[in-house]
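First the structure, in the form of structure tokens, and then the observations on it.
The values are calculated or read from the model by the stated rules, or taken from the named source; none is laboratory data. Predicted, not measured: the structure shown is a model, and the values here were computed from it. Backbone-built Cβ (ideal geometry, glycine too); neighbour counts: all protein chains shown.
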Amino acid sequence: MLVVTRRQDESIIIADNIEISVLEIGKDKVKIGINAPREVKVIRSELKDARQTNEQAAHISGAALAGLLGANNSEVK
């Protein structure tokens with residue numbers, strides 16, 4: 001991991017087409033701005049973690065439902 005120190009109104013450039021700027025520094029928060037092409041996916045890490053958790057739960061629920069439906073189908077025969 002590259003660690004870079006920046007002050008308010010300073011920025012870093014990634015791969016010539018992504019700019020991350022420090023917009024505001026508060027007591028316990030830092031507001032950043034990200035300029036990137038539309039095809040570059042930008043998502044907050046906590047949202048990514050939540051989406052992965054939801055996808056895993058849906059997969060497990062889907063498998064459980066399929067198991068229940070399979071059990072019911074074999075009982076009907």
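Computed quantities for the displayed model
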read-out	value
Top-ranked residue of the range 32-55 - restricted to ones that are surrounded by 10 or more Cβ atoms within 10 Å (Cβ to Cβ) and among the basic types (Lys, Arg), ranked as nearest to the chain's Cα centre (by Cα)	48
Qualifying residue in the range 55-66 (condition: at pLDDT 90 or above and either outside the structural domain of residue 2 (by TED's automatic domain parsing) or acidic (Asp, Glu) (or both))	no
Conditions (1) within 16 Å of the chain's Cα centre (by Cα); (2) in a loop (DSSP other than H, G, I, E, B); (3) surrounded by 11 or more Cβ atoms within 10 Å (Cβ to Cβ): number failed by residue 6	(1)
